[in-house]
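Below: one structure, written as structure tokens.
The values are calculated or read from the model by the stated rules, or taken from the named source; none is laboratory data. Owing to the predicted nature of the structure, the values given are computational and were not obtained by experimental measurement. Note: ideal-geometry Cβ built from the backbone for every residue, glycine included; neighbour counts use all protein chains shown. Remember, those area values only see protein heavy atoms, side chains included, never the ligands or the DNA or RNA. Shrake-Rupley method; radii C 1.70, N 1.55, O 1.52, S 1.80 Å.
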Amino acid sequence: MAEIQGKTLRDVQVGESATVRRLSGEGALKRHIMDMGITKGVGVYVRKVAPLGDPIEVTVRGYKLFFTGTSYRNLTQNGF
């Protein structure tokens, strides 16, 4: 997968996969994302995105997650 700088999970289109390259953010939000199994190097598949872009449904490690607000914008990804 090729590195694409400055992109986040929000930029991944429905039906595409990406690999998490970096988690930005601090404190409880970053810990919460990591506790859900999203860590550096893990694959994320974007299943659905609401018409206005929030919430977003993804598949990570075989299970579905729903993100709302700005939490998923802290995931920097690469590749498609």
Residue within the stretch 1-18 that is modelled with pLDDT of 85 or more, open to solvent by 50 Å² or more (accessible area, probe 1.4 Å) and among the acidic types (Asp, Glu) present: yes
Residue list for the stretch 28-53, filter: exposed (fewer than 14 other Cβ atoms within 10 Å of the Cβ) and at pLDDT below 80: Gly53
Number of positions in the stretch 54-80 that are of a type in the set (A, V, I, L, M) and either at pLDDT below 65 or open to solvent by 80 Å² or more (accessible area, probe 1.4 Å) (or both): 1
Pairs where the first residue, in the stretch 10-36, is free of Cβ contacts under 8 Å to residues at least 40 places away in the same chain and the second is open to solvent by 40 Å² or more (accessible area, probe 1.4 Å) and among the basic types (Lys, Arg), C-beta under 9 Å, 6+ apart: Val14/Arg47; Val14/Lys48; Gly15/Arg47
